[in-house]
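Take a look at the structure below.
Values in this text are rule-based calculations from the coordinates and carry no lab data. The structure presented is a predicted model; accordingly, all values stated were derived computationally and were not measured. Note that we place each Cβ from the backbone using ideal geometry, even for glycine, and neighbour counts take in every protein chain shown.
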Amino acid sequence: LRVDDGVTRREWQAFLSALQALPPDLLPDERLDLLRQRLQQGDVIRIDVDAGSDHDSREGEGDEALERAKRTYAHGVAVARDVVQGVRMGRAPNTRRLKRAVQLLVDQVLENELSITGLTTLRDYDEYTFTHSVNVCIFAVALGRRLGLQRVQLYDLGLAALLHDIGKARIDLHILNKDAALDDAEWRRMQAHPWLGTLTLFRMREGEDLPYRAILAAHEHHMKIDLSGYPRPLRPRRLGFFSRLIAVADGYDAATTRRSYQADPWQPVQVLREMWLNPGRGYDPVLVKALINLLGIYPVGTAVILDTFEVAIVAGPGSDSEQLHRPLVRIATDAQGARHRAPGVLCDLAATNPDGTYPRTIVKVTSPDRYGLVVGDYFV
């Protein structure tokens, strides 16, 4: 239960009335959705409710942490979907609900970064627009945390990241979903989405507490640090910090995701190498280096072949932070190629035998498609 300053007696009465009137036979999520709906209808703006996170329970902590992360991620995708669809219909988004979704994502990153970043591997093809916004939010917040930003700053960063592509809500769907190269007219329309996002967010800001840096990030995230991107600025400028950071998170998630025009996404390690070695991509090299430090040599979701001939999916950093080449993995297939049931067999490659040798070592990166593996299955 979240109560903001200035709550009125009428709002308390409306809240208690809505709470008491909830049907007892509904599932918890249904009761929560119905309560939120009635609070909105009753113009209750200073009282908000959300699902509990059971912070005090330590039984089954790993499973519970994953379940909390899944709920938070799904809620973020639902909010992103509502915002985009609302903008397409000319409806003003609920900024309070947006902020609450971002707060939950930020809190989840601070509480259990590994659980929530693992869910970015799900990347639902049919809901790319929405999952991409949430993934960029997660990567940007995790990166901002490593760079020393405080919680309040992370809230603003997360909101800017979640809204960075809001201008695409005003692009025709046949352009967004086209499975072939865009023609010149379609590409010019696509390049207009940062400016359309700027206009959309300016309208949202009327009467709302929307940080200006969110508007700036929507406008600048494709400009590139040498200003050779789009939209082209009219005069020399230095891109904002949030804009540069969100551009790195956006580029990484976009390149590693299967989309209508990108049937074969790059492997995470290939993407990081390209972002680091190719200055033409226009990313801030300091922030790319920070992203590499965040994700490691083998980012979460990378498919690897071990010297035991097993195939595994990288699940996170190993127990030895000094050995970045020995992450935590989930064994997906055995040496004979037989598939383990998802989520696979968890294995710490930094763990040693009694004689000090390593039972398993990564030989090379591979494509999960080659073995019929869906990376997201190993994080749900």
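Computed from label points 7 Å out along Cα-Cβ, the spacing between Thr366 and His174 is 4.3 nm.
Taking the inverse of the average 1/r across all pairs of different Cα atoms in the chain, what Kirkwood radius in Å do you get?
After inverting the mean inverse Cα-Cα distance, the result is 22.3 Å.
Where the centre of each part is set by its Cα atoms, how far does the stretch 84-154 sit from the stretch 219-234, in angstrom? Cα centroid to Cα centroid, the span is 23 Å. Extending 7 Å from the Cα toward the beta-carbon at both Leu199 and Asp50 defines two label points whose distance is 3.3 nm. Label sites at Asp43 and Gln85, each approximated as a point 7 angstrom past Cα along Cα to Cβ, lie 2.6 nm apart. A prolate overall shape is assigned to the stretch 68-204, the ratio a/c of its alpha-carbon gyration tensor axes (a ≥ b ≥ c) being 1.5 or greater and a/b exceeding b/c.
Rounded to the nearest 0.05, the FRET efficiency derived from the C-beta distance between Asn353 and Gln191 at R0 = 51 Å is 0.35.
Karplus-based coupling profile of the stretch 214-219, in residue order and whole Hz: 5, 5, 5, 5, 4, 7, with θ = phi - 60° in 6.51 cos²θ - 1.76 cosθ + 1.60 and x standing for Gly or Pro. Extension gain, Asp334 to Glu111: 0.36 nm times the residue separation minus the Cα-Cα distance gives 77.0 nm.
Sequentially through the stretch 108-117, phi angles give Karplus couplings (6.51, -1.76, 1.60; θ = phi - 60°) of 5, 4, 5, 7, 8, 4, 5, 4, 6, 5 Hz, Gly and Pro residues having no value and appearing as x.
Residues considered: Pro327, Pro23, Pro343. Largest GNM mean-square fluctuation over the chain, using C-alpha springs under 10 Å, is found at Pro23. Remark: the Arg232-Arg146 segment gains 27.9 nm on full extension, using 0.36 nm per residue and subtracting the alpha carbon distance. Using R0 = 45 Å, the C-beta based FRET efficiency linking Trp12 and Leu324 works out to 0.30. Among residues other than Asp107 with Cβ under 10 Å from its Cβ, the summed charge is +1 (Lys and Arg +1, Asp and Glu -1). For Gly316, the residues whose amide H sits under 5 Å from its own are Leu328, ignoring neighbours fewer than 5 places away on the same chain, with H placed 1.01 Å from N. The separation of the stretch 165-189 from the stretch 260-329, counted between C-alpha centres, amounts to 29 Å.
So if a site counts as exposed when it's one of the trypsin sites (Lys or Arg not before Pro), its DSSP state isn't H, G, I, E or B, and it has at most 14 other Cβ atoms within 10 Å, what's the longest stretch of the chain without one?
Longest gap between qualifying sites, sites excluded: 92-236.
Between amide H atoms placed 1.01 Å from N, distances below 5 Å from Thr366 occur with Ala303, Val304, Ile305, all of them 5 or more places distant or on a separate chain. A helix-only calculation puts the chain at -15000 deg cm²/dmol for mean residue ellipticity at 222 nm, using -39500 (n - 2.57) for each DSSP H run of at least four residues, averaged over all residues.
Beyond a 29 Å Cα-Cα separation, which of these cross-linked pairs lie in this structure: Lys70/Lys168; Lys70/Lys99; Lys178/Lys289; Lys168/Lys224; Lys99/Lys168?
From the list (Lys70/Lys168; Lys70/Lys99; Lys178/Lys289; Lys168/Lys224; Lys99/Lys168), the Cα-Cα distance tops 29 Å for Lys178/Lys289.
Rounded to the nearest Hz, the phi-derived 3J(HN,Hα) couplings of the stretch 189-194 under the Karplus curve 6.51 cos²θ - 1.76 cosθ + 1.60 (θ = phi - 60°) are 5, 5, 5, 7, 5, x, where x marks glycine and proline.
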